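Student: If you scroll down you'll find the structure; I have some questions about it.
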Amino acid sequence: MFGLGTPELIVILAIAFLVFGGKKLPEIGSGLGKAISSFKKGVADVEDDGKKIIDDLPGVKEVAEVKQKVDEVKNLGNIKNIIK
């Protein structure tokens, strides 16, 4: 984890405990966890919206179908070479 070992993490936690105190650390951790989950949800939403936009473009579905058929034919060729 970023080259941090156990001793370094213990020192960081001790300094955080001294700076923020024991009562504030759980609140900070909770807020950090909520922020990370919100960020992940936002990134997933943007990815989904991007995929929807791409799928709505004319010709994209047809190109994907042709690519899939080409890949299937390539796989059949590979199987034929393996059998020989």
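Student: Once you've got the GNM for the chain with C-alpha springs shorter than 10 Å, pick whichever of G42, G59, G50 has the biggest mean-square fluctuation.
Tutor: Highest fluctuation among the options: G59.
Student: Could you tell me how many degrees, from 0 to 90 and to the nearest 10, lie between the Cα long axis of helix 24-56 and the main elongation axis, the longest principal axis, of the Cα atoms of the chain?
Tutor: 20 degrees
Student: Moving on. Could you tell me which of rounded, prolate or oblate describes the chain, using a ≥ b ≥ c as the square roots of the eigenvalues of the alpha-carbon gyration tensor, with rounded for a/c under 1.5 and, failing that, prolate when a/b is larger than b/c and oblate otherwise? Don't jump to the answer; show the numbers that get you there.
Tutor: Details: a/c = 6.95, a/b = 2.17, b/c = 3.20.
Here the chain falls in the oblate category.
Student: Quick check for me: using +1 on Lys/Arg Cβ and -1 on Asp/Glu Cβ, what's the dipole size of the chain about its Cα centre, in debye to the nearest 20?
Tutor: Charge dipole of the chain: 280 debye, to the nearest 20.
Student: Hey, what angle do you get for helix 60-83 against the long axis of the chain, alpha-carbon based, 0 to 90 degrees rounded to 10?
Tutor: Helix 60-83 sits roughly 80 degrees off the main axis of the chain.
Student: Convex hull over the alpha-carbon atoms of region 25-67: what's its volume per residue in Å³? Don't skip to the answer; put the middle values down first.
Tutor: Details: hull volume 2.1 nm³, N = 43.
Convex hull of Cα atoms, per residue: 49 Å³.
Student: In addition: Please give the helix 6-20 orientation as an angle from the longest Cα principal axis of the chain, in degrees from 0 to 90, rounded to the nearest 10.
Tutor: Around 60 degrees separate the two axes.
Student: Label points 7 Å out from Cα along the Cβ direction at V46 and K74: separation in nm?
Tutor: 3.0 nm
Student: To continue, here is another question. Taking the alpha-carbon distance from K24 and a cut-off under 23 Å, which lysines remain once sequence neighbours fewer than 8 residues away in the same chain are dropped?
Tutor: K34
No value in this document is a laboratory result; all are computed from the given coordinates. Remember, predicted model here, so these are calculated numbers, not experimental data. FYI the Cβ positions are ideal-geometry reconstructions off the backbone, even for glycines, and counts take in every protein chain you see.
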